[in-house]
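A.B. asks: Can you keep this structure in mind? I'll have questions shortly.
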Amino acid sequence: MADPQHDKSQAKGKRWRRVWISLGIVFALLLVFHRPILFGAIHWFAVRAAAKENLKLEFQAEGNPFTGVTIRNLRVTPLKSNAPIESGEANYIRAEYDLFALLRGNKADLIDSIDLHDAHFVIKPQPSAKPSPPPNEKVSLPGIFPQRLRLESVSVTVRDQPSDLVIENLNLELNPRAAGALSIAKLQLPSSQAWSRIAGTTNYENRNLI
């Protein structure tokens, strides 16, 4: 006569084997196809996050999601008049990072480098409850800031009164191991003051910006 308890244990064991086999198959598929799967997920979340801000986001992503991502042909289009960005495009964005820095609790070393080329953005700031820092307060870089930064042919217009803040054709290089350069074809402040053909050098030694 069959033992019901023994049969139940065998059935439970078979179910767990099927579960582990299924997990193994899923893990193997992720190893083989992790890039398209992860990039598909990144694209899905980015597009929906932008839609919540009334923006349409278009881009192509490539690279290794665990170490560095390249974004090409980025296009940002407003869906409503109250969107924070009037227009935006960038031909090339490259970010390299170290995810193990988060595990070590060192956020400062998270982003190794950022490269941004051929970009133009028109921004319409939204009202903020956070007050601006006093004029005599020291302004420091954010806690998470790239160790190396390179901007080439970047233009930004920020809607303001009485005039817009305009930065045309910005080129900037920050490297903690070598001197960098800064150049701006045109800089216009909201106070209507404007300068052209600005050029200078930068020092980012020990990640202290001068």
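The values are calculated or read from the model by the stated rules, or taken from the named source; none is laboratory data. Since this is a predicted model, take the numbers as computed values, not measurements. With ideal geometry, Cβ positions are generated from the backbone for all residues, glycine too; neighbour counts draw on all protein chains shown. Protein only, heavy atoms only, side chains kept; ligands, DNA and RNA dropped before computing areas. Shrake-Rupley method; radii C 1.70, N 1.55, O 1.52, S 1.80 Å.
A.B. asks: So, taking all protein chains as they sit and a 1.4 Å probe, how much accessible area belongs to residue 66, in Å² rounded to tens?
C.D. replies: Solvent-accessible area, nearest 10 Å²: 110 Å².
A.B. asks: At 7 Å along Cα-to-Cβ for each site, give me the label-to-label distance between residue 191 and residue 209 in nm.
C.D. replies: 2.1 nm
A.B. asks: Assuming R0 = 35 Å, what is the FRET efficiency of residue 54 and residue 15, from their Cβ-Cβ distance, to the nearest 0.05? Write out the running numbers ahead of the final one.
C.D. replies: Numbers: r = 48 Å, r/R0 = 1.36.
Calculated transfer efficiency: 0.15.
A.B. asks: On to the next question. Please work out the average accessible area per residue across segment 70-109, using the 1.4 Å probe convention, and give it in Å².
C.D. replies: On the way: 2440 Å² over 40 residues.
Counting only protein heavy atoms, the per-residue value for segment 70-109 is 61 Å².
A.B. asks: Would you check the accessible area of residue 156, probe 1.4 Å, heavy atoms only, in square angstrom rounded to 10?
C.D. replies: The accessible area comes out at roughly 40 Å².
A.B. asks: Considering only protein heavy atoms, with the full assembly of protein chains and a 1.4 angstrom probe, order 15, 94 by accessible area, largest first. Each step should come with its number before you reach the end.
C.D. replies: Values: 15 120, 94 50 Å².
The ordering from most to least exposed comes out as 15, 94.
A.B. asks: Pop a pseudo-label 7 angstrom from the Cα along the beta-carbon direction at both residue 66 and residue 80 and give the gap in nm to one decimal.
C.D. replies: Using points 7 Å along Cα→Cβ, the separation is 4.1 nm.
A.B. asks: May I ask you to compute the full-extension gain from residue 181 to residue 118, defined as 0.36 nm times their residue separation minus their alpha-carbon distance, rounded to one decimal in nm?
C.D. replies: Working: separation 63, 0.36 × 63 = 22.68 nm, distance 1.72 nm.
This chain segment gains 21.0 nm when fully extended.
A.B. asks: Residue 107: accessible area at probe 1.4 Å, nearest 10 Å²?
C.D. replies: Solvent-accessible area, nearest 10 Å²: 130 Å².
A.B. asks: Quick one: order 44, 20 from most to least accessible surface, probe 1.4 Å. Kindly include the intermediate steps, with their values, before the conclusion.
C.D. replies: Numbers: 44 125, 20 165 Å².
Greatest to least solvent exposure: 20, 44.
A.B. asks: Read phi for every residue in segment 119-125 and hand back ³J(HN,Hα) as whole Hz from Karplus 6.51 cos²θ - 1.76 cosθ + 1.60, θ = phi - 60°, with x for Gly and Pro.
C.D. replies: Each residue of segment 119-125 in turn: 10, 8, 9, 10, 10, 10, x Hz.
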